[in-house]
Amino acid sequence: MSDHPQDPTNIPQAPDPQPQGQATITMEDKMDFLLTHFASPAKGKAPKIAPPEIFTGDCFKANTFMHQLVLYFKIRTNDLQTDQDYINFTLSYMQGGAAGDWADRVLEQQLKLKPGEVLYEDWETFEKELCQTFGDPDLAASAQL
């Protein structure tokens, strides 16, 4: 049996989605697992990764958009290093529809800030508002479709 992680006989098992008695595993935990077990072995060079798709505000695509963002952030750590980098990058992929309008409002508010001020203190605050605004209100039911 080979120790190579892509050997079909030696694929590590993903964590249980909701272990009893423990907190829910987050999307970031899942991405960390994937990157740890399947990342490119080349040192110093990030693997190529597609950027996220443009997000227009479709609630059925919000979860996928967030997954694409987190994966991109994890791999492109040299390009995007701060929470403000993550926020601005995300806003740049919100175009057209309700998401484009929302991103425009956020950018207009950012332009009014004084130097050193931020609209969102951290990525988590921004992510929470984005998910509350555009996330699927009934993700469990949508997953069954």
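A few points about this structure:
- Candidate set from region 27-70 (those that are loosely packed, with under 14 Cβ neighbours inside 10 Å and modelled with pLDDT of 90 or more); member that is farthest from Lys128 (Cα to Cα): Ala50
- Output for region 49-63, where each listed residue is β-branched (Val, Ile, Thr) and in contact with a Phe, Trp or Tyr (Cβ under 9 Å, 6 or more places away or on another chain): Ile49, Ile54
- Listed by first and then second residue, the pairs linking a residue in region 70-98 that is closer than 13 Å to Val118 by Cβ to a residue that is part of a loop (DSSP other than H, G, I, E, B), with Cβ atoms under 7 Å apart and 6 or more places separating them unless they lie on different chains, are Asp83/Asp122; Gln84/Val118; Tyr86/Leu80; Ile87/Tyr120.
- Filter pass, Ala99 being surrounded by 17 or more Cβ atoms within 10 Å (Cβ to Cβ) and in contact with a Ser or Thr (Cβ under 6 Å, 6 or more places away or on another chain): yes
The values are calculated or read from the model by the stated rules, or taken from the named source; none is laboratory data. This structure is a prediction, so every number in the text was calculated from the model and none was measured. Note: ideal-geometry Cβ built from the backbone for every residue, glycine included; neighbour counts use all protein chains shown.
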